[in-house]
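To start, the structure itself, in structure tokens.
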Amino acid sequence: QVLLLESGGGSVQPGGSLRLSCEASGSIFSIDAMGWYRQAPGKQREMIATVTTGGWINYAMTAVKDRFTISRDNAKKTVYLQMNRLEPEDTAVYFCYGDIRAPILRPIRQDYWGQGTQVTVSS
């Protein structure tokens, strides 16, 4: 079984910062891309950014590209999202994503998702 466990969400005032973390655990053979999505109330889930094992980064959401930074620690199977200069429009549930081959003995490639972490930006 593979789990993606997010942490670091919470409430912050406009202009503040948060750092999200997401650690993958379980019987993992390999991980390709990891990334972050978000879903605001009443809206569809949107991709923020992804990063491959080799460090290639794709920022899909141009509105946050200059404020958010995705990074990854392959040894820790962890992906991060540093969010600066947060705005009320960034309020959403943030989801971690992983393109993972598991289990170790008979790996199958599959998308995995975290449970989501709430980020609220409000004064």
Please verify whether Glu46 is acidic (Asp, Glu) and without any contact (Cβ under 8 Å) to a residue 24 or more places away in the chain, treating the condition exactly as stated.
yes
Considering residues of region 86-123 that are exposed (fewer than 14 other Cβ atoms within 10 Å of the Cβ) and basic (Lys, Arg) only, the residue modelled with the lowest pLDDT
Arg106
Which one is most open to solvent (accessible area, probe 1.4 Å) among residues in region 19-63 that are part of a strand (DSSP E or B) and farther than 21 Å from Lys77 by Cβ?
Glu46
Say we look at region 64-92 and pick out the residues that are among the basic types (Lys, Arg) and not in a strand (DSSP E or B); which of these is nearest to Phe29 (Cα to Cα)?
Lys77
Among the residues of region 100-115, is there at least one that is free of Cβ contacts under 8 Å to residues at least 24 places away in the same chain, in a loop (DSSP other than H, G, I, E, B), at negative phi and acidic (Asp, Glu)?
no
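For every residue, the table says whether it meets (1) acidic (Asp, Glu); (2) over 21 Å from Pro14 (Cβ atoms); (3) modelled with pLDDT of 95 or more.
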position	(1), (2), (3)
Lys43	no, no, yes
Glu46	yes, no, yes
Ile57	no, yes, yes
Tyr80	no, yes, yes
Kindly indicate whether any position in region 67-79 is among the small types (Gly, Ala, Ser) and open to solvent by less than 60 Å² (accessible area, probe 1.4 Å).
yes
Could you grab me the full set of residues in region 1-23 that are within 17 Å of the chain's Cα centre (by Cα) and among the aliphatic types (A, V, I, L, M)?
Val2, Leu3, Leu4, Leu5, Leu18, Leu20
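The values are calculated or read from the model by the stated rules, or taken from the named source; none is laboratory data. Model, not experiment: these values are computed from the prediction. For neighbour counting, all protein chains shown are included, and Cβ atoms are generated from backbone atoms with ideal geometry for every residue, glycine included. Accessible surface areas use protein heavy atoms only, side chains included; no ligands, DNA or RNA. Shrake-Rupley method; radii C 1.70, N 1.55, O 1.52, S 1.80 Å.
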